[in-house]
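Readers should treat all values here as calculations from the given coordinates under stated rules, not as data from a laboratory. Because the structure is predicted, anything quoted here is derived from the model rather than measured. Positions of Cβ are generated from backbone atoms using ideal geometry, with glycine treated the same way; all protein chains shown enter the neighbour counts.
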Amino acid sequence: MGPYRKVLEASDAERVRRLAVLLRLAEYLDRSRTQAVTRLRIQAGDKRVRLWVKARGRAEGRVEVWEAQRNASLFEQAFGCKLEIEQE
């Protein structure tokens, strides 16, 4: 929590870590900076979260999906469940 230690409680650490992971996932889903992703659909279960990514075209969004899949372990560590990402 570094420089924010003065304004955050110790109990905020886990929340901040999870929010940071979600922000990174959002950044991965716009990796090419072309706003190729037009819609997300999510299904959450006890031990698995499935995320479907819809892009403007099949070719578009590949980089974003690949990047998010490549970094899914960050989500899995923070939330304790498997993250599966597919392109619609």
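Here is how the numbers come out for the structure above:
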item: Filtered residue count, segment 17-44, keeping only those that are free of Cβ contacts under 8 Å to residues at least 12 places away in the same chain and of a type outside the set (A, V, I, L, M, F, W, C); result: 4
item: G61 on the phi > 0 side of the Ramachandran plot, of a type in the set (G, A, S) and over 14 Å from the mean Cα position of the chain (by Cα); result: yes
item: Segment 1-49: number of residues that are over 17 Å from A78 (Cβ atoms) and among the basic types (K, R); result: 6
item: Test: residue in segment 56-71 that is touching an Asp or Glu at 6+ places or on another chain (Cβ under 8 Å) and within 19 Å of A20 (Cα to Cα); result: yes
